[in-house]
Structures are given as C-alpha cells and as structure tokens.
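Enquirer: Below you will find the structure I want to go over with you.
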C-alpha cells in the first residue's frame, strides 16, 4: 500500500527527529524557504524584462562576474526574508544573467511551471513598499491555494496507486475499518480481560455473512492487526472457508485454537504463517476433519518429518495444496505429498521452494482425472523445470487443466508450447487461467500455432508479462481465438516488440483489466482506441509508458494507473 | 407508482424520507422499490433497524449519492468529506450495511 513520505511527524515543530528534520529546522531558522527563493526569481524575471535590452548592449563578459555572483549571493542570503528588495545596480544585473541562464535550464521542472502559470501575471512589476504588504498577503493566500492543490493532487495519485478507483468507499468497509480500529484500541486498554470484549463482539457479529467476515480478515491483515486476540472473531462454528493474508502475528497457540473452534473449515489459507510450528500443523490436520484445501505461505518452521506426518494424516483427503516460500519443504516432502495424496489431489502449487529440485517426480503422480490447477513458480534452479517435465505433466492432466501458471520458469521454450500445450490440450480447451510470465525463450511463432489450433473459449485471465520475444502476431492470433469473448484480464507488461498493430484488433467485450506497462509503443491514441473498443475496461496499467500523457482521452469509468504526469 | 420520495420506517415506527435516487444506491432497496410487492409503493418497513441506525444509513445513502456521481474536478476546492461513524454504532451499522449491500 502506498504511504506518503511526507507524513506529519509526531513530535512538535522544533523537535529534531532525523537528518531531514535537522535540515528543515536549519532552513526554517535561517528563514530560507522555497517561497522566498521563488519570489526572488519572479523579481528577477520582471527586472530582466525591463533591463533586457540594456544588458544585451552592455557586453557582459567580465572577469569579476563570478566573484560578483558569489558576493551577491551572500548578500541575498542575508536578506532572504525581505524578498522584495529592489536593487537596480548594474552589478546585480550582471549577476543575474548567469543566474537566469541557470534558471532557464531548470525551467522544465513541473512544479516551477505550476508556479509560473499561476503567478507570473499576478506579480506586480513595480514594487513600492506600500504595495509590498498587500502583495505579500496575496502571495500567501496564493501559496496556500497551491499547497492545497498539491495535497489534493498527491492524494489522488496515492489513491490511484492503491487502486482505489471508487471515490466513495462502501459503508461496510467504513464500518469494518472502524471495528478494526476499535479492536486494536480495546486490546491496548483492556489487556487480559479482552476476552470478554471479544465474546461480546462475536455475539453481535454472529449475523454477518461469511463474505463480510473474510473482508474483516482482509482489513485486519492489511493493518497488521490480525493476532491471537482478533483471531477470536473468526472462531465461528459454521465458517467453511477462511483466508488470512497476513498471519505473521498469530502464534502457534492461535492456530491450535483455530483448529479446535472452527471444525467445519474445508479450505484454509494462511499467508505469511511464520509462527506455524510442527505441533500446530499436525493439530490442524487432526482436528479439521473436513479440511480439503490448504494454502500456506512461509511455513519455514515445519521440518521434513512433520511434512511427512502431515501428508500421511491427510492421505486421500487433501485436494488442494499450495505452498510457497519455505526452504524446509524438500524433495522428500514433495515425494511424500505425491505418494500419499496424489490420488485425491486436484490443485497443486509450488512457488519459491529453494530445496525442491526434483520436479520430474510430478508427471508420474499427477493422475487424478479431475486435476485442474497447476502452479509452478520461480524454481530455485531454472533447469529443474524444463520442457520435458511440463510436456509430461500436460500429457497426464492437460485434458482437465483449468489453470496453468508457470511464472518464472525461464527454461521453458517453444517446444513446451508446441509439443505440450498444443498437443495435449483438447481442441475445446477448459483453460481459464494461463500465465507464462518471464518465459523469455518463448517466441511468437509457437504461440501463434497454439492459439490457431486450440479453442480457448473459457480463458479469462492471461499473462505474458516479460515474455520479451513476443510480437504483434501472438496477440493478434489470441484475439482471433475465441478467447477474445471471454478474456477479462490481460497482462502484456514489458512486451517491447509490440507495435500499434497489436492494439487495433484488441476489442474484447468482457475485458476489464489490461497491463501495458513498459510497452513503449503505447501512446495517447492507443489508450483512446482501447477505451472505445473495450466497453468493460476499467483499469489500464501504463507504468513506464512515456508516450501516455495527461492529454490521453479516456472514457468515464476507465482509469489509467502509473502515468508519468500523475506522479506524486 | 413512481414517486420522488421513498419513506423508510424504522423499528420504532419512525418514518424517514429519502429521495428515490439516493435509495437506489442500495441494491436491496432498489430491488424492493422496483419489485412487485407493496414496498414498491414507496413505503419500506425496515423493522430490524433501530431509528438511529436507519438515520445513519440514510445519511450514508445521501452521502454516497452526492459524492459518487460528481467528478472530482467538479467539486473544486472541496475534498470529499469523511463519513463519520460513531464507535458504538459500528457493529450494528455493519449488519445494516451488509443487509442493504452498501
């Protein structure tokens, strides 16, 4: 989530907190501020206009100029506060020439432009002392307005980066925010007796739908407020699916309580579960009789033996297992998973497992006819996941596959697409998600062949992020496929070979999101075209597309994220 | 029957008026208003809501209606103000919001 770097400090104004504050403090004490410097600049600008002709005739080159400049600067620093001193000595004039040339060099700065546009006309040329006060007050008012404008601009940019497209949040999210705030507050105040508070809370929350409860979990996770205390809100007997996106503060005891008090859980997702230990995992396996799906991220306390015991307990029961970010899940653990659970397993995810290299085990064990999801991401050694392995896996489960994610498997080549995907996917393919991110060896030709042979009429999400060799034809062929009507999300980040051609045909009735980051050919006209051709499109990512400017025309309801001109 | 104002009735039989357009913000109310039942006549009894909760809900519907339809540039100097929720009301309000899908 975006956090402003300029958040107000907790201490008072005079409290020096760090190197930045010290500098600010110094500048404040010395009376040096951007405002003063700006004022001086205006003054110079106006004077320059007056004296412009004289200076040109004067023959400015003088050995003493540099010396004069430094002298003048010293004088000016003493007079910072009084920005409206009117001094028309010829020396100043000379000094200003070099100063002005320097200023012209940095004139492109957007902030300066902002000042310039708004204020040049308002700057009085004659600067009599009587008018000074008046104009100063005017300036201040004007600056306040600019600051307010900037703040609003920054807030809008921050909201944009947080993908908060709706300006008005829902009442539910407002309430959940409030509740979460209060839970943390109560916790601090009540300490040990907090259990009573949560019992009461749970009674009231009893009528809330499961969806809202999962929203609450999301909000708590986002605020890093999910811990053993707040966990009690979720100890409901009828909850069947639960997702915690940040469990870093839940202790092993917390997991045990969860296992005891939510016996109906069938699907459990624990992300960042660093405190999940051997005992708790086995407890989960034993107490949650109905558990069929387990998604774990970062369970690095679980050792090899426990994995083996866990899979033995879950034998023929585990249908979905996704694991990521642990070095203790080894080849032996993978073997144990496959031996015990492969007959029931229909969804498998292995991501960033540094101790797994024997992916070649997979093909022989993945035999379930209903196997639908395979995610192999970022193997430790790229050679471990090669064409042969994926082709073999597809040979086994390609018919039923609905989701295939092979992000970061950079060893994969065209052979996998032609001899694997095209060969083993049925003509009317069930595939809903296809993600081949960072496979930079895959070329346009193989994908054109794949898209022309296989009918992908259920494909909703497709990502070729950083498949650097892909060109226009791959995208055009994808759009000639039936996938055109079903596609909702398309990732084309960093496909630098793409040209305008690819986007002319991009007209998908259901497309809501497209990532065009670092696709250099994308410009204002492409953005306008996409908006017109794709009625449901709501978000376009345009990070790094320097041809997309603030002049890009978008229809209402379509948001551009990452545009240079929106920068904070 | 089409009217510009909708009447919402709380548990205590207290009546609150709200413009039809603002009430339409809630999909639940929208379905009631457009449905073929007696609620479509413009009087909706929400007897599970206490008056203060209903008052707040109406406040939110008006707030949402007012600010979600205007473009940020049109507001000019004004920021969209925050919608205040009293702490003691938050849980009940969440239930109400859940019911009304707002």
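Quick note: the coordinates plus some simple rules give every number you see, no bench work behind them. Quick caveat: nothing in here was measured; it's all calculated off a predicted structure. Please note: Cβ atoms are built from the backbone with ideal geometry, for glycine as well, and neighbour counts cover all protein chains shown.
Enquirer: Over chain B, calculate the relative contact order: mean separation of alpha carbon pairs under 8 Å at least 6 apart, over the residue count, as a percent. Walk me through the intermediate numbers first.
Expert: Details: 114 pairs, mean separation 32.6, N = 102.
This gives 32 percent for chain B.
Enquirer: Give me A:147, A:514 sorted ascending by neighbouring Cβ count inside 10 Å, so fewest comes first. Spell out each step's value before the answer.
Expert: On the way: A:147 10, A:514 25.
Neighbour counts put them in this order, fewest first: A:147, A:514.
Enquirer: Quickly work out the residue B:7-to-residue A:380 label distance, labels modelled 7 Å from Cα along the C-beta direction, and quote it in nm with one decimal.
Expert: 7.3 nm
Enquirer: For segment A:464-540, with equal point scatterers placed on the C-alpha atoms only and solvent neglected, what are the log10 I(q)/I(0) values from the Debye formula at q = 0.16, 0.17, 0.21 1/Å, to two decimals?
Expert: -0.49, -0.56, -0.90
Enquirer: FRET efficiency for residue A:423 and residue A:313, Cβ-Cβ distance as r, R0 = 45 Å, nearest 0.05?
Expert: Rounded to the nearest 0.05, the efficiency is 0.75.
Enquirer: Between residue A:266 and residue A:399, what is the FRET efficiency for a Förster distance of 30 Å, r being their Cβ-Cβ separation, to the nearest 0.05?
Expert: 0.70
Enquirer: Which FRET efficiency, nearest 0.05, do residue B:28 and residue A:499 yield, Cβ-Cβ r, R0 51 Å?
Expert: Taking R0 as 51 Å, the efficiency between residue B:28 and residue A:499 is 0.55.
Enquirer: Between residue A:449 and residue A:50, what length in nm is gained on full extension when 0.36 nm per residue of separation is reduced by their alpha carbon distance?
Expert: 136.6 nm
Enquirer: Now for a separate question. With 10 angstrom as the radius, rank A:551, A:145, A:484, A:267 by how many other C-beta atoms surround their C-beta, starting from the fewest.
Expert: Fewest-to-most Cβ neighbours within 10 Å comes out as A:551, A:145, A:267, A:484.
Enquirer: Relative to the longest principal axis of the C-alpha atoms of chain B, give the angle of the C-alpha long axis of helix B:90-100, reported between 0 and 90° and rounded to the nearest 10°.
Expert: It works out to around 70 degrees.
Enquirer: Taking the Cα atoms only, what angle lies between the long axis of helix B:51-68 and the longest principal axis of chain B, rounded to 10 degrees?
Expert: Between helix and principal axis, roughly 50 degrees.
Enquirer: While we're on this one: For segment A:438-568, go through all pairs of different Cα atoms, get the mean of 1/r, take its inverse, and jot down that Kirkwood value in Å.
Expert: 14.6 Å
Enquirer: What nm value, rounded to one decimal, do you get for the distance between residue A:23 and residue B:45 when each label is placed 7 Å out toward the C-beta?
Expert: Between residue A:23 and residue B:45, the label points sit 6.9 nm apart.
Enquirer: Across the residues of A:176-182, average count of Cβ atoms on other protein chains within 10 Å?
Expert: Counting Cβ atoms of other protein chains within 10 Å of each residue's Cβ and averaging gives 4.
Enquirer: When you look at the Cβ of every residue in A:405-415, what mean number of other chain Cβ atoms sits within 10 Å?
Expert: Mean number of neighbouring Cβ atoms from other chains: 0.
Enquirer: Another question about this same structure. What does the average come to when, for each residue of peptide B:95-102, you count the partner chain Cβ atoms lying within 10 Å of its Cβ?
Expert: The per-residue average across the peptide is 5.
Enquirer: Placing one identical point scatterer on every Cα of segment A:359-492 and ignoring solvent, what is log10 I(q)/I(0) from the Debye formula at q = 0.11, 0.19, 0.22 Å⁻¹?
Expert: -0.33, -1.07, -1.50
Enquirer: Would you mind classifying chain B by shape? Square roots of the alpha carbon gyration tensor eigenvalues, ordered a ≥ b ≥ c; an a/c under 1.5 is rounded, otherwise it is prolate if a/b is larger than b/c and oblate if not. Walk me through the numbers before you get to the answer.
Expert: Details: a/c = 2.18, a/b = 1.27, b/c = 1.72.
Oblate, since a/c reaches 1.5 and b/c is not below a/b.
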